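One structure is given below, encoded as structure tokens.
The values are calculated or read from the model by the stated rules, or taken from the named source; none is laboratory data. Note that the structure is a prediction, hence the values are computed from the model and not measured. Neighbour counts are summed over all protein chains in view; Cβ atoms, including those assigned to glycine, are modelled from backbone coordinates with ideal geometry. When the accessible area is computed, the model is the full protein with side chains, heavy atoms only, and any ligands, DNA or RNA have been set aside. Shrake-Rupley method; radii C 1.70, N 1.55, O 1.52, S 1.80 Å.
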Amino acid sequence: MNEIEKKILEEVSSLHAVPMSGAHNIRLNGKLVSRGVTEGINILSKKDKDGIDVFIKRGTKNESVHIPVIVSFSGVKDKVYNDFYVEDDVDVLIVAGCGVNCNGSSASGHNGIHTFHIGKNSKVRYVEKHVGLGDNEAKRELDPVTDIILGENSVLIMETSQLGGVTKSIRTTNATLARGAKLIIKESLLTSEQDIVKTMFNVNLEGENSKVEVVSRSVARGKSCQEFVSNIIGKNKCFGHVECDGIISEKGIISSTPKIVAKHPDAMLVHEAAIGKIGEGQIEKLMTLGLDKEEAEREIIIGFLR
Amino acid sequence: MLELQNVCYEIVVNNKKKKILDDISFKVDDKQLVVLTGPNGSGKSTLSKIIMGILVPSSGKILYNGKDITRLSITERAKLGLSFAFQQPVTFKGLKVKDLIDIASKKKNSVINACDYLSRVGLCAREYIDRDLDSKLSGGELKRIELALILAKNGELNICDEPEAGIDLWSFDALIKLFKEEDKTFLVVSHQRRLIEIASKVILLSRGKIEAEGSYEDLKEKLSSQICDRLEEGNE
Ligand SMILES: Nc1ncnc2c1ncn2[C@@H]1O[C@H](COP(=O)(O)OP(=O)(O)OP(=O)(O)O)[C@@H](O)[C@H]1O
Ligand SMILES: [Mg+2]
């Protein structure tokens with residue numbers, strides 16, 4: 001791995017070196033470069049297509065799996081299918097980062113299709129970071145898809161971020177929740193220049209007392225354009241809350257389309273959206289503390305997307 | 001330390017000029033505690049914001065340590081040593097109390113250090129340091145944090161707009177010490193008798209004009225209708 005590749009690895013996975021202990025699978029320019037498994041977590045390459053199956057055994061607790069993907073050549077269009085089979089009574093952290101560094105004019109990208117099959121009474125924290133690096137000419141495209149089947153009384157906390165450098169991106173998250181299941185999604189997006197991002201959340205609240213909370217915070221700068229679409233369907237006594245908070249600056253555009261469908265008398269669904277530029281008062285406050293306008297805006301945005 | 005010369009502030013409402021501040025001149029000397037008081041709408045917040053640079057006067061001059069700062073930005077004034085506590089504290093999404101303390105003091109504080117500022121304004125620091133500075137904090141908590149930021153910034157001239165608002169009167173008594181004991185200059189907008197009594201000077205504003213200026217003794221009669229007496233009543 002060269003310096004740039006190491007830098008991306010660090011950015012997307014908070015890992016500093018390969019090889020590492022613990023369960024992991026590192027993919028560089030479409031090839032496997034390192035894999036580790038543990039007693040509770042096994043990783044196997046798929047036979048029929050690109051990608052891996054990650055098996056997490058019943059009762060596995062306090063373990064983590066890192067599966068970073070690095071694309072450092074221009075013109076690489078990587079598409080992988082990663083399936084996570086999480087059995088019952090599990091408590092793990094999954095870190096799946098994807099970094100694309102490329103220069104030059106041909107487009108590079110990565111489409112990761114991640115599917116979570118989560119059993120009963122399990123708790124998974126899933127952290128996903130998308131990073132684009134390189135000069136402005138190059139196109140970097142990332143189209144992640146996340147499919148979630150969440151079993152009874154299980155919890156999935158998904159923290160996903162894409163903070164700049166990705167030219168074009170369609171992000172899709174689909175989830176179906178069984179009885180008592182809880183899905184918490186925290187998304188942070190930053191776009192600039194001419195970037196285009198569309199992010200979609202389709203959540204089916206099938207089971208009684210299932211619950212979803214989506215908080216999406218986005219900043220659109222330059223002439224970038226973001227579209228947020230959510231579709232939450234409550235088919236049982238359930239709770240759903242979607243919050244879309246956007247900051248626009250320069251000529252950035254954000255659109256937010258909420259759809260909430262209550263198909264059960266005890267479904268309780270809420271959608272909140274607020275889009276606007278940074279509050280004048282917030283900038284003034286930080287200026288009274290000695291920051292100039294640009295520094296103030298930067299601090300506000302860093303905090304907002306954290 | 002601070003001198004205002006003939007400061008006026010006009011706005012245009014429905015095509016008509018409205019004078020919010022009319023020919024304001026006064027001085028604040030080094031290490032003084034000056035209290036600015038007056039009825040609602042008399043122009044106290046407007047005047048404070050003009051001194052900090054948040055609003056620009058229509059005419060008149062502001063001198064700070066002899067230097068004309070009338071055209072300086074908020075940032076430039078902050079760097080010269082002015083600090084400001086808002087009447088309505090500003091909230092953020094995602095910035096933590098500790099982040100603001102670090103920004104104000106221009107360094108990464110240790111938790112102990114950061115907690116010290118909060119303790120001095122009567123907050124049980126550990127509970128607050130990691131909280132977002134957002135509207136989930138109560139009004140009184142926000143006002144105290146606003147003061148803690150003034151302490152963290154360690155400016156020479158501290159302008160505080162109604163620091164007592166939302167703070168229970170018993171603990172305000174303890175806060176008053178801050179304005180007197182700190183080795184700094186304070187210009188405080190207030191209706192609190194306790195604060196007015198210990199002020200080096202009181203300025204009474206009425207309909208955008210200075211109606212009276214002097215010590216508490218000098219202004220006692222004029223002020224009697226102005227000040228908030230509830231503290232004494234509360235203690236009885
Ligand atoms: N942008 C504005 N548009 C219209 N009127 C304004 C504006 N800003 C201030 N004013 C008016 O100027 C006057 C002074 O306001 P200011 O907020 O300075 O009063 P104050 O003395 O701080 O009052 P309070 O004790 O209620 O805080 C008020 O009559 C207010 O309505
Ligand atoms: Mg006011």
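Proximity of backbone amide H atoms, modeled 1.01 Å from N, is registered between A:Asp78 and A:Gly109, A:His110, A:Asn111 at under 5 Å, excluding neighbours fewer than 5 places apart on the same chain.
Take the accessible area of B alone and of A alone, subtract that of the pair with a 1.4 Å probe, and the total buried over both chains is about 1800 Å².
Checking the table A:Lys139/A:Lys198; A:Lys6/A:Lys31; A:Lys57/B:Lys93; A:Lys46/A:Lys77 against a 27 Å threshold on Cα-Cα, which pairs fail? From the list (A:Lys139/A:Lys198; A:Lys6/A:Lys31; A:Lys57/B:Lys93; A:Lys46/A:Lys77), the Cα-Cα distance tops 27 Å for A:Lys57/B:Lys93.
Please state, to two decimals, what the Cα-based radius of gyration of the range B:143-205 comes to when divided by 2.2 N^0.38 Å (N = residues).
Details: Rg = 11.0 Å, N = 63, 2.2 N^0.38 = 10.6 Å.
So the range B:143-205 has a normalised radius of gyration of 1.04.
Accessible surface for the range B:2-223, divided over its residues, is 44 Å² per residue with a 1.4 Å probe.
Once Rh is set to the Kirkwood radius over Cα pairs, what Stokes-Einstein translational diffusion coefficient, in µm²/s, holds for chain A at a temperature of 4 °C and a viscosity of 1.567 mPa s?
Details: Rh = 20.1 Å.
This corresponds to a translational diffusion coefficient of 64 µm²/s.
Quick one, can you get me the convex hull of the C-alpha atoms of the protein assembly as shown expressed as volume per residue in Å³?
Numbers: hull volume 106.0 nm³, N = 542.
Once divided by residue count, the hull of the protein assembly as shown is 196 Å³.
Please work out whether the range B:1-118 counts as rounded, prolate or oblate from its C-alpha gyration tensor, where a ≥ b ≥ c are the square roots of the eigenvalues and a/c under 1.5 means rounded, while otherwise a/b larger than b/c means prolate and anything else oblate? Verdict is prolate for the range B:1-118. Expressed as a whole percent, how much of the Cα-Cα distance distribution for the range A:51-109 exceeds 13 Å? Result for the distance tail: 67 percent. Evaluated at q = 0.08, 0.13, 0.17 Å⁻¹, a Debye calculation over the C-alpha positions of the range B:2-223 (equal weights, vacuum) places log10 I(q)/I(0) at -0.28, -0.76, -1.24. With both residues required to sit in chain B, DSSP beta bridges show an antiparallel share near 55%.
When all protein chains stay in place and ligands, DNA and RNA are ignored, the 1.4 Å accessible-area order of A:His24, A:His117, B:His191, largest first, is A:His117, B:His191, A:His24.
Per residue, the range A:3-279 exposes 43 Å² of solvent-accessible protein surface, assessed with a 1.4 angstrom probe and all protein chains in place. In the range A:1-153, the DSSP beta bridges split such that about 15 percent are antiparallel, to the nearest 5.
Estimated from helical segments only, the mean residue ellipticity of chain A at 222 nm is -3500 deg cm²/dmol, where each DSSP H run of four or more residues counts as -39500 (n - 2.57).
Can you pull out the trypsin sites (Lys or Arg not before Pro) in the range A:1-75 that DSSP calls coil and that have at most 12 other Cβ atoms within 10 Å? Walk me through the intermediate numbers first.
Values: sites: A:Lys6, A:Lys7, A:Arg27, A:Lys31, A:Arg35, A:Lys46, A:Lys47, A:Lys49, A:Lys57, A:Arg58, A:Lys61; in loops: A:Lys46, A:Lys47, A:Lys49, A:Lys57, A:Arg58.
Those satisfying the criteria are A:Lys47, A:Lys49.
Rolling a 1.4 Å probe over the protein heavy atoms of the protein assembly as shown, with every protein chain left in place, gives an accessible area that is 47 percent carbon and sulfur. For chain A, the antiparallel share of DSSP beta bridges with both residues in that region comes to about 5%. Which angle between 0 and 90 degrees, to the nearest 10, do you get for helix B:169-181 versus the longest principal axis of chain B when only C-alpha atoms count? With both axes taken from Cα atoms, the answer is about 80 degrees.
In the range B:81-96, the residues whose accessible area drops by at least 30 square angstrom when the other protein chains are added to the isolated chain are B:Phe86, B:Val90, B:Phe92, B:Lys93, B:Gly94, B:Leu95; the probe is 1.4 Å and only protein heavy atoms count. In the context of the full protein assembly, A:Asp292 retains an accessible surface of approximately 50 Å², using a probe radius of 1.4 Å and ignoring ligands and nucleic acids. In chain B, the calculated helix contribution to ellipticity at 222 nm averages -10000 deg cm²/dmol per residue, counting -39,500 (n - 2.57) for every DSSP H run with n ≥ 4.
In straight Cα distance, which lysines are under 24 Å from B:Lys67, not counting same-chain residues fewer than 8 positions off? Within the straight-line cut-off, B:Lys67 pairs with A:Lys285, A:Lys293, B:Lys27, B:Lys31, B:Lys44, B:Lys49, B:Lys79, B:Lys153, B:Lys184, B:Lys201.
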